[in-house]
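Worksheet for the structure shown next.
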Amino acid sequence: MEMVQHSIDMLWMMLGAILVFFMHAGFAMLEAGFTRSKNTLNILMKNFLTVSLGALLYFLVGFGFMFGESFFGAIGTDGFTLFGREDMGFFVFQSVFAATCATIISGAVAERMKLSSYLFLVVAMTGIIYPVVGHWIWGGGWLAKLGFIDFAGSTVVHLTGAIGAFVAATLLGPRLGKYSNGKVNVIPGHSIPLGALGVFILWVGWFGFNGASTLAADPTLVPQIIANTLFAASAGVLSTAFYTKLRFKKLDASLTLNGALAGLVSITAGAANVSLMSSILIGLLAGIIMTEGVRFLDVILKVDDPVGAIAVHGITGIWGTIAVGLFETSSGLFVGGGASLIVVQILGILAVIVWVSITVSGFLFAVKVFSPIRVSNEEETAGLDFVEHGSQAYELNDVFPGISTKTEGFAQRLTELGKATN
C-alpha cells in the first residue's frame, strides 16, 4: 500500500511538472501577443532558450544552492548535479519552477534587450539568484525558520522574477517612442488573441503550479488548493474588468487578461493556507492593485514594461504574500492570530527585494563593461527578429506587398517599415 501511495504521489508531482513546463507556451504567446510583430520570433526564441538553459543550470548548480545542506541558513552547499541525491522527481518539479522565475524577465525587457545579455541574466537567475531566495524560504533557510509562508511561490518565484525584471527594464530604459514631451505613448501589441491564448495556457498550468506543490496527491488538500486557485483568478478577472470600466470608461481587454494572472500570482503564496472566501477577496483586490500598479510604473516611474510583468508578478506577488499574514486560517491577523506572521511576511519581502536588486544590478553593470546590453536604435527600429535571427515570424509579403526578404537593401527597407509602425 505504501508503494502504491508513493507511485500516486510521484505521478501527481510529475503531472504538475508537465503543467508548469507547459506554462512556458503561455508566457511565449502572452509576450508575443502583447508586443509588436517585428519582435515575435525573438520572443519565441527567448522562451525556448530560457527553459532549456535554465533546466541545465539548475541541475549543475542551482538545485544544490537551493536544497543543499544549509550554510547558516543562507545558501545550500551540496547536491550539485544531484550528487548524493536520489529525489529525482522533486528535482524535476523544482527545475521547471526555476525556469519560470527567469522567464518573467523576458516580457519586461522585450523589444530592446540584446539576446546575449538576456541569456547571461538567465544564467545568473537560475544559477544563483533564484536558488538563494528558494533556500531561504523552501530549503530550510533563515526565513523558513522564522515561519515565513510562501506555499507555491508568490515571493520565491514571482517577486524574485519581477524584481529582476524591474531592475533590468530600468537599466535598459524605455522603448523608442514610449515617452515623449512628458507624454506616455501606447505601443500596442500585435495580437490580443495570442495574448489571450497565453493567459488561458498559464491559467491551466497554474493548477499544476499550485496543486502539485503539495508534493503528494493529498485528496483533501489538493481540491482546496485548486479551488482557491480557480476562484482567485476568476475574481481577478471580474474585478479588473469592472474597475477598468469605472476608471477609464472602457473595459480594458489587456488589463483584464492580466487580471487573471494577478489573481493567480496573489493566491500562490497562500493557496493551501486560506479559505475559499479569502481566496475570492484576495483575487478581487489583486485585480485592482495590479491595474493601479501598471499605471504607477508606466506613468509615474516611467518604467517601460510591454506586458505588465512587473505589476502582475511583483506588485501582486507582494500583495499575495502579505495576504497570507492577514487570512492564514490559524495565525492570520484577521482570524485572531495577531500581527507576528504579517511582520515575518513583510521582512521576507524586503529581504528578497534587496537581494535581487543588488545582485541583478551588479550583474548587469558587469555585463555592460564588456558590451552594451541594449540593441542600437537602428536595430530596435528594424525589429529584433531580423537583427538577432535574420528572419521574421511572419511573411512580410502578406502584410506589405512587394517587399521581399531576398532583395538587396532588405535591412534598410525593414528599418523604414519599423519606423512606420512605431
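The values are calculated or read from the model by the stated rules, or taken from the named source; none is laboratory data. Computed from a predicted structure; not experimentally measured. Quick reminder, even Gly has a Cβ in these numbers, built from the backbone with ideal geometry, and neighbours come from all protein chains shown. The area values use the complete protein model at the heavy-atom level, side chains included, leaving out ligands, DNA and RNA. Shrake-Rupley method; radii C 1.70, N 1.55, O 1.52, S 1.80 Å.
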* In percent, what relative contact order does region 1-134 have, based on Cα pairs under 8 Å that are 6 or more apart in sequence? -> 32 percent
* Asked: What is the Cα centroid distance between region 254-303 and region 129-170, reported in whole angstrom?
  -> 18 Å
* Can you pull the one-decimal nm distance between simple spin-label points at Tyr394 and Asp87, each 7 Å off the Cα toward Cβ? => 4.7 nm
* Positive-end extreme of charge dipole, the chain - chosen from Val367, Asn185, Gly164 (charges on Cβ) -> Asn185
* **Whole-number accessible area per residue in Å² for the chain, which is evaluated in the context of all protein chains at 1.4 Å** => 41 Å²
* With a 10 Å radius around each residue's Cβ, average the other Cβ atoms per peptide and rank 86-94, 1-9, highest first. => 86-94, 1-9
* **For region 210-290: relative contact order, % (alpha-carbon pairs under 8 angstrom, 6 or more apart)** => 39 percent
* **Extension reserve of the Ile358-Met3 stretch, reckoned as 0.36 nm per residue once the Cα distance is removed** => 123.2 nm
* **Size of electric dipole in the chain: Cβ of Lys, Arg +1 and of Asp, Glu -1, about Cα centre, debye, nearest 20** => 1220 debye
* Separation between Cα centres of region 4-75 and region 79-114, rounded to whole Å -> 4 Å
* Structure fact -> Counting every C-alpha pair in the chain, the percent lying more than 32 Å apart is 34 percent
* To do: Pick out which of Pro131, Pro306, Pro193 has the largest mean-square fluctuation in a Gaussian network model of the chain, springs linking Cα atoms closer than 10 Å.
  => Pro193
* Structure fact -> region 227-320, convex hull of Cα, quarter of hull surface, nm² -> 5.2 nm²
* Structure fact -> Sorting Phe72, Phe63 on solvent-accessible surface, 1.4 Å probe, most exposed first, gives Phe72, Phe63
* To do: Just grab the label-to-label distance for Phe370 and Lys302, each label 7 Å out from Cα along the Cβ direction, in nm (one decimal).
  => 3.2 nm
* At a probe radius of 1.4 Å, what is the per-residue accessible area of Ser95, in Å² to the nearest 10? -> 10 Å²
* **Gyration tensor over alpha-carbon atoms, region 196-248, equivalent ellipsoid semi-axes in Å** => 28, 13, 6
* To do: Quick one: among Glu111, Glu380, Glu292, which has the greatest mean-square fluctuation in a GNM of the chain with alpha-carbon springs under 10 angstrom?
  => Glu292
* Could you rank the peptides 284-290, 384-390 by their average count of other C-beta atoms within 10 Å per residue, with the highest value first? => 284-290, 384-390
* Asked: So how many Lys-Lys pairs in the chain land under 14 Å Cα to Cα, not counting same-chain pairs under 8 apart?
  -> 6
* Which of the listed residues, Thr381, Ile225, Phe151, is farthest toward the dipole's positive end in the chain, when Lys, Arg count +1 and Asp, Glu count -1 at the beta-carbon? -> Thr381
* To do: Using only Cα positions of region 1-143, each an equal point scatterer, no hydration layer, compute I(q)/I(0) via Debye at q = 0.17 Å⁻¹ and quote the log10 values to two decimals.
  => -0.93
* Structure fact -> Taking placed amide H atoms and a strict 5 Å upper bound, the residues 5 or more places from Arg374 or on another chain that come that close are Lys114
* Please state the relative contact order of the chain as a whole percent: Cα pairs under 8 Å, 6+ residues apart? -> 22 percent
* In the calculated pair distance distribution of region 25-82, what percentage of Cα-Cα distances lie above 12 Å? -> 68 percent
* Asked: Given the alpha-carbon gyration tensor of region 273-391, what are the semi-axes of its equivalent ellipsoid in whole angstrom, ordered largest first, with each equal to the square root of 5 times an eigenvalue?
  -> 38, 18, 11
* Structure fact -> Of the accessible area of region 230-322, computed with a 1.4 Å probe and all protein chains kept, carbon and sulfur make up a percent value of 75 percent
* Give the ranking of Val265, Val61 by solvent-accessible surface, highest area first, calculated with a 1.4 Å probe. => Val61, Val265
* To do: Treating each Cα of region 98-169 as an identical point scatterer and ignoring solvent, apply the Debye formula and state log10 I(q)/I(0) at q = 0.13, 0.19, 0.21, 0.22 Å⁻¹.
  => -0.37, -0.71, -0.82, -0.88
* Asked: Tell me, what is the FRET efficiency for Thr220 and Ser116 to the nearest 0.05, using R0 = 51 angstrom and their Cβ-Cβ distance as r?
  -> 0.60
